[in-house]
Amino acid sequence: MEVVMRDVVKRFGNFTAVDNLNLTIKDGEFVALLGPSGCGKTTTLLMLAGLYKPDSGEILFDDKIVNDVLPKDRNIGMCFQSYALYPHMTVEENIAFPLKLKKLPKKEIERKVKEIAGKFQIEHLLKRYPGQISGGQQQRVALARALVKEPNLLLLDEPLSNLDASLRISMRAEIKKLQKELGITTVFVTHDQAEALSMSDRIAIMNKGKLQDIGTPEDLYMRPKNMFIAGFIGNPPMNFLEVGFNVEGDKIILRRNDFEITLPKEISANYMKKQNDERVILGIRPEHLSIGNEAPNTIKGEIFVVEHLGKDKLVDVKVGNDRIKVLTGQDFEGKMGDMVNVHLDLKNIHLFDADDGNSMKWAA
Amino acid sequence: MRQLEMEICENVTSKKASMEGLRKFLGALPFLGPFLFLIILFYLVPVTLTFVMSLTSMDYVLEWKFVGLENYLRFFQDSGVKTVVLNTVKYVFFTLIINVGFGFLLAIATSYFIRNENIRLLFQTIWMLPRMTPPVVYALLWLWFLDPTEAGMLNSFLGKLFGIPAQNWILNNPMKVVIIANGLIGASLGMVVFSAAIKSIPVDYFRAANVDGASDWQIIRYVIIPFLKWPIMFMTIWQTLSLITSYEYILLITDGGPLNKSEVWSLFSYHKAFSNYEFGYGAAISMVLVLIAVLIAILMLKVFGYDAIMRRGNVDGMRGEAGDESNKNHVAV
Ligand SMILES: Nc1ncnc2c1ncn2[C@@H]1O[C@H](COP(=O)(O)OP(=O)(O)O)[C@@H](O)[C@H]1O
Ligand SMILES: [Mg+2]
């Protein structure tokens with residue numbers, strides 16, 4: 001089922017929780033709604049479910065406006081962060097509940113519950129109560145309950161955030177695989193960018209009630225449209241440094257009192273429209289920085305701290321009053337207080353307008 | 001050898017445990033002390049005095065003349081007792097239904113159907129008013145409302161609207177009046193307790209049920225009532241016990257009349273003692289009632305489990321329930 005949100009607004013009193021949201025989710029697509037806590041993700045999901053009514057704008061399911069359609073008539077499967085499994089019902093009764101409400105014949109309910117329980121490997125838990133099974137098992141039961149009625153749209157609100165780290169990673173793959181198998185259009189809410197990157201076909205990234213961008217994980221990672229997206233997606237997050245912007249001939253020179261970077265011609269071409277001596281924000285990810293010999297076009301700094309990440313080391317380098325993070329190999333041997341030269345992979349820099357935070361590449 | 005060691009160890013730990021228990025009790029004494037004192041002063045002392053009094057033939061002369069179990073024998077042969085017992089059962093049963101049932105309906109109405117916080121508060125406050133009114137005033141309101149003359153509020157209301165002739169409501173339906181007056185007061189307590197319980201149900205349960213297609217009625221049936229199982233149980237026990245022993249509204253509204261038609265057990269005892277000045281006999285009637293109340297309390301605590309009632313009074317206790325069942329399963333296995 002295709003889902004379209006058109007200029008959707010939701011207010012609570014004076015507070016605008018979702019601001020003019022425009023979003024199209026294609027049939028069978030797995031879309032993540034990503035953003036920090038309080039940005040309006042759950043509110044958006046509840047509007048899709050019909051539990052909240054938009055204050056203005058339209059929600060369409062397959063070209064049909066559903067603003068006034070009740071939740072029960074939308075054929076939606078929903079899975080909550082708290083799972084919301086009824087503690088007084090067994091696992092079996094929980095999964096059967098949506099079918100029971102639909103007044104399906106007992107035999108058919110039994111068959112469908114068995115079938116979905118098999119898919120989630122929870123057949124042996126059917127007679128137990130939610131309080132008697134582990135968090136991971138509860139999660140599967142909640143998913144089974146959401147899917148048993150074969151919904152047209154699956155809504156998942158931070159379904160993995162109550163699981164421990166290893167279980168969360170294995171469930172990511174499982175949910176994604178299942179979604180592809182069943183081909184159900186799915187909206188998945190999360191504040192964890194790694195989850196969104198690893199699971200979704202496309203990510204809709206939100207901040208303060210506004211949609212920032214929607215795109216494939218690669219798109220958002222490689223070509224962030226603004227500083228919020230650049231900083232939110234990717235871990236460790238992108239470094240930002242304020243620099244002066246000078247055009248000399250066909251080259252751009254980024255300059256501040258402690259370093260100077262000249263961008264080669266082909267990269268400069270992306271950003272040429274700016275005037276001389278404006279302040280801009282240079283963004284570059286830790287994985288596109290390295291520590292090397294003294295050379296022109298590098299940034300000098302002092303090691304502030306070295307973090308061990310297992311496979312890699314994350315080196316915190318002090319540059320003037322700023323600190324930037326550099327991802328290095330395990331063999332890096334610098335220590336706190338050492339002076340180092342940070343090399344930039346100039347193909348992977350981003351320049352943002354210092355005023356509105358928008359990427360200068362996109363503004364052009 | 002090893003076993004011996006273990007036994008010694010166990011002995012030591014159990015001794016330690018009992019020492020620990022004593023220390024804990026002594027530590028808690030400053031906190032429990034005032035309550036223990038109050039319970040002794042206002043419960044144990046009167047009960048003991050009543051018991052002693054019930055063994056005497058004390059009358060308006062206030063003489064302690066011991067007559068053994070004579071008062072009790074008289075009670076079981078008294079021809080008026082049958083009516084009183086029947087009245088008491090009727091009174092407790094029907095008042096309880098209003099207390100718990102109507103309280104539950106009010107709670108659903110004010111916490112589930114009314115979404116506006118201010119309106120909800122207004123409604124709940126209105127229902128709380130009788131409880132905030134002194135019993136004498138509340139009883140007077142009823143007397144005034146049901147006044148048998150044509151100027152009586154209900155009479156003039158029915159007369160003007162439907163042309164129904166004035167009637168003496170209290171004289172004609174003493175039991176019903178008493179039950180309704182008492183029930184409405186008790187319902188406000190039920191409303192408050194159940195409302196709090198309904199509001200403590202996490203909103204996700206309602207959302208999940210809504211998305212899965214549950215109607216309001218189905219949400220009440222499958223979500224709210226199961227979550228309120230323990231508060232309902234608790235209210236039932238609590239109200240049963242307090243209804244058995246309460247008589248102040250009946251005393252004020254009908255005084256047990258007419259002709260004992262609304263006389264209940266506790267009021268019977270009061271009348272014997274303070275109207276007939278048969279203190280010894282009144283005390284015996286009370287003692288039998290105390291005994292019955294204690295038996296009911298013990299029975300209910302046994303049936304529902306003392307722990308369960310104490311622990312499961314809240315919604316969160318639901319998890320404990322599942323846990324308990326797993327324990328039972330382990331034992332069975
Ligand atoms: N029922 C409500 N009443 C008032 N404010 C709300 C309500 N629901 C959400 N909000 C506010 O709207 C904002 C977005 O909430 P939500 O959609 O739950 O965010 P999240 O992205 O964390 O899921 C938050 O600031 C929250 O405080
Ligand atoms: Mg949320």
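Things worth noting here:
- Annotation: for a label point projected 7 angstrom from Cα along Cα→Cβ of A:F304, residues of the range A:218-245 with backbone N closer than 18 Å are A:231-232, A:235-243.
- If you run the Gaussian network model on chain B, springs between alpha carbon atoms under 10 Å, then out of B:K261, B:K160, B:K65 the most flexible one is B:K160.
- Annotation: per residue accessible area for chain A equals 45 Å², rounded to a whole number [probe 1.4 Å, protein chains only].
- For the residue pairs B:K65/B:K261; A:K64/A:K149; A:K210/A:K347, alpha carbon separations beyond 25 Å are given by B:K65/B:K261; A:K210/A:K347.
- Whole-number percent relative contact order across chain A, with pairs defined as alpha carbons under 8 Å at least 6 apart: 15
- Cα centroid separation, the range B:113-186 to the range B:60-97: 30 Å.
- Per-residue mean of C-beta atoms belonging to partner chains within 10 Å, peptide A:78-90: 5
- Shown here are the Rg and Dmax of the Cα trace of the range A:96-252, at 21.0, 79 Å.
- Residues whose placed amide H lies under 5 Å from that of A:N67, excluding near-sequence neighbours: A:I59
- Normalised per residue, the volume of the convex hull around the Cα set of the protein assembly as shown (Å³): 304
- Within chain B, the proportion of C-alpha pairs whose separation exceeds 24 Å stands at 70%.
- Each label point was placed 7 Å from the Cα along the Cα-to-Cβ direction; for A:E115 and B:F51 their separation is 6.9 nm.
- The range A:3-232 - convex hull of alpha carbons, volume per residue in Å³: 127
- Translational D in µm²/s for the range B:88-263 (Stokes-Einstein at 10 °C, 1.306 mPa s, Kirkwood Rh from C-alpha pairs): 89
- Loss of accessible area when A meets B, both sides summed, Å² nearest 100, probe 1.4 Å: 2200
- Amide H contacts of A:V18: A:K10, each under 5 Å away and 5 or more positions distant or on a separate chain (H built 1.01 Å from N in the peptide plane; Pro and chain starts excluded).
- Area accessible to solvent at A:H343, 1.4 Å probe radius, in Å²: 50
- Computed accessible area, A:Y52, all protein chains, 1.4 angstrom probe, square angstrom: 60
- Size of electric dipole in chain A: Cβ of Lys, Arg +1 and of Asp, Glu -1, about Cα centre, debye, nearest 20: 1500
- Distance between the pseudo-spin-label points of A:K64 and B:S242 (7 Å out from Cα toward the beta carbon): 5.3 nm.
- With DNA, RNA and ligands ignored, accessible area of A:D55 (1.4 Å probe; Å², nearest 10): 80
- Computed over the range B:88-263, relative contact order equals 34 percent, with contacts defined as Cα pairs under 8 Å that lie 6+ residues apart.
- Other-chain or far-sequence residues with amide H under 5 Å of A:M206's (modelled H): A:L34, A:G35, A:Q212
- For the protein assembly as shown, the 222 nm mean residue ellipticity estimated from helices alone, with every DSSP H stretch of n ≥ 4 adding -39500 (n - 2.57) and the total spread over all residues, rounds to -14500 deg cm²/dmol.
- Ligands, DNA and RNA are left out, and with a 1.4 angstrom probe the accessible area of chain B is 59 Å² per residue.
- Projecting the Cα atoms of A:T16, A:M1, A:G35 onto the dipole axis of chain A, where Lys and Arg carry +1 and Asp and Glu carry -1 at the beta carbon, places A:M1 farthest toward the positive end.
- Spin-label pair A:N20/B:L69, simplified geometry with 7 Å Cα→Cβ offset, distance in nm: 9.0
- Net charge of Cβ neighbours under 15 Å - reference B:A284; Lys, Arg +1; Asp, Glu -1: -1
- Percent accessible area from carbon and sulfur atoms, the protein assembly as shown, protein chains only, probe 1.4 Å: 60
- Most mobile of A:S134, A:S161, A:S198 in a GNM of chain A (Cα contacts under 10 Å): A:S134
- Just checking the listed ones, B:L22, B:L106, B:L267: in the Gaussian network model of chain B with Cα springs under 10 Å, the one fluctuating most is B:L22.
The values are calculated or read from the model by the stated rules, or taken from the named source; none is laboratory data. What you are looking at is a predicted structure, and each value in this text was computed from that prediction instead of being measured. All Cβ positions, even for glycine, are placed from backbone atoms using ideal geometry, and neighbour counts span all protein chains on display. To get the accessible areas, we keep the full protein, side chains included, count just its heavy atoms, and leave off ligands, DNA and RNA. Shrake-Rupley method; radii C 1.70, N 1.55, O 1.52, S 1.80 Å.
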